[in-house]
Amino acid sequence: MQPIKVLVVDDSALMRRVITRLLEVQADIKVIDTASDGEEAIKKITKLRPDVVTMDVEMPGMNGVTVVSRLMRECPVPVIMLSAHTTEGARVTMEALAAGAVDFVPKPQKAGEAEKLAAELSRKIRVARRASLKRCPAAPVEQRRPTPAPAPARPRPAGAPLPGPAAGEKPAPIPTVRPTPGQTELLVIGSSTGGPAALQALLPALPGDLSCGVVVVQHIPVGFSGPMAEHLNRKCRLEVKHAEHGDRVLPGQVLVAPAGYDLTFRKYAGRLSVALDKGSKPVPPGGFRPSVDVVMNSAAEVAGSRAMGVLLTGMGRDGARGMLAIKQRGGYTIAQDESTCVVYGMPRAAAELGAAAKILPLQKIAGEIVRVV
């Protein structure tokens with residue numbers, strides 16, 4: 001297989017040298033050139049046709065967002081942003097992802113983190129090479145409507161989550177329960193690679209008076225889930241909040257699971273709330289914190305048939321078994337279709353398990369959610 005051709009874009013000559021050196025030790029990655037600003041990047045991308053571009057978020061003149069926007073119009077190519085650990089850096093990163101960037105990697109904050117950067121950037125370059133750049137336009141944002149008072153929740157007895165099939169075992173067909181409008185209490189949305197852009201298309205399309213609470217689980221580095229919540233809040237009619245321990249799940253509100261925490265649900269006196277836990281053990285290789293599986297399994301256990309699961313674009317299988325648990329408890333489930341996914345991994349895994357009641361293009365998921373809840 002030919003090595004992945006990468007163009008490195010950064011206004012710092014030192015960072016260009018460092019990133020090139022870190023990537024070229026990977027046998028399957030070749031840095032074909034570098035660029036110091038946006039104009040030079042566009043010219044070289046048009047001429048050299050790299051497989052993937054790494055790009056600094058904050059550059060003088062034409063910044064990363066502007067460059068990505070032009071590339072998606074003129075010469076689409078998978079772009080991975082390198083973001084600073086600052087409020088402004090995080091904000092611009094979210095805008096770049098909405099413009100079409102596939103993913104991002106935080107820049108090292110201290111000496112000795114070069115190997116960590118190299119491993120993360122190399123992994124995301126390999127994923128980005130296979131990414132689809134088909135885009136779905138976001139729905140126009142309307143004037144926010146006041147959030148209605150929460151409707152009383154109907155308590156359900158909690159039971160143990162139902163297990164999924166063993167690895168490699170073909171699951172028995174699970175009949176899809178016809179949803180009863182007005183009965184959904186909790187909607188869990190899971191996403192990974194391509195998720196921030198998908199969320200910026202899906203959530204603004206939902207009405208501000210949505211009659212259930214929403215919890216979003218996005219695989220994202222620590223320090224970026226808060227700015228993502230703030231960014232989404234500016235775009236949505238729903239109130240979007242970075243979740244805190246003990247927050248209630250309320251109609252008309254979206255809680256974004258904080259990066260680095262496990263999130264589960266509790267119900268007391270008919271009131272549904274979230275619990276956060278940093279966890280006592282490191283995340284295993286290939287695992288995530290928060291994990292979509294963990295959150296959806298908890299939703300199935302606590303909310304039962306009043307839970308709904310939606311699985312968006314992302315690499316891997318996280319969320320497939322959790323969505324299966326929701327469906328087994330009588331909840332409704334939706335997976336994004338291949339044609340609108342940046343990476344058709346997590347939704348594919350759910351479809352293969354028989355966990356998705358509906359498989360829909362991104363632009364139709366909001367309408368189906370509104371129809372069901």
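Could you work out what % of the accessible surface of the range 253-373 is carbon and sulfur, using a 1.4 angstrom probe and leaving DNA, RNA and ligands out of the count?
51 percent
Measure off 7 Å from each Cα along the Cα-to-Cβ vector at Gln363 and Lys47, then give the distance between these two points in nanometres to one decimal.
Distance between the two pseudo-spin positions: 3.7 nm.
Want the number for Lys110 to His245: 0.36 nm per residue separation, take away the alpha-carbon distance, what's left?
Full extension from Lys110 to His245 adds 45.6 nm.
Note down the relative contact order for the chain as a percent, whole number, built from C-alpha pairs under 8 angstrom at least six residues apart.
15 percent
How many percent of the accessible area of the range 59-107 is carbon or sulfur, using a 1.4 Å probe?
52 percent
Measure nothing fancy, just the Cα-based angle from helix 87-99's long axis to the longest principal axis of the chain, in degrees from 0 to 90, nearest 10.
80 degrees
Hey, which of these cross-link pairs are over 30 Å Cα-Cα: Lys47/Lys124; Lys44/Lys116; Lys278/Lys364?
Over 30 Å Cα-Cα: Lys278/Lys364.
If the cut-off is a Cα-Cα distance under 19 Å, which lysines reach Lys327, setting aside same-chain residues fewer than 8 apart in sequence?
Cα-Cα hits under 19 Å: Lys170, Lys358.
Need one number: % antiparallel among DSSP beta bridges in the chain, to the nearest 5.
15 percent
Taking the solvent-accessible surface of protein heavy atoms with a 1.4 Å probe, what is the per residue accessible area of the chain in Å²?
Accessible area per residue, the chain: 44 Å².
Per the helix-only calculation at 222 nm, which mean residue ellipticity applies to the chain, given -39500 (n - 2.57) for every DSSP H run of n ≥ 4 and division by its residues, nearest 500 deg cm²/dmol?
-10000 deg cm²/dmol
Which pairs in the list Lys30/Lys107; Lys235/Lys281; Lys110/Lys235; Lys43/Lys235 are over 25 Å apart, alpha-carbon to alpha-carbon?
Checking Cα-Cα distances, Lys235/Lys281; Lys110/Lys235; Lys43/Lys235 exceed 25 Å.
State, to one decimal in nm, how far the label point of Glu40 lies from the label point of Ala269, with both points 7 Å from Cα in the Cβ direction.
6.4 nm
The values are calculated or read from the model by the stated rules, or taken from the named source; none is laboratory data. What you are looking at is a predicted structure, and each value in this text was computed from that prediction instead of being measured. Glycine gets a Cβ as well: all are built from the backbone with ideal geometry, and neighbour counts include every protein chain shown. Protein only, heavy atoms only, side chains kept; ligands, DNA and RNA dropped before computing areas. Shrake-Rupley method; radii C 1.70, N 1.55, O 1.52, S 1.80 Å.
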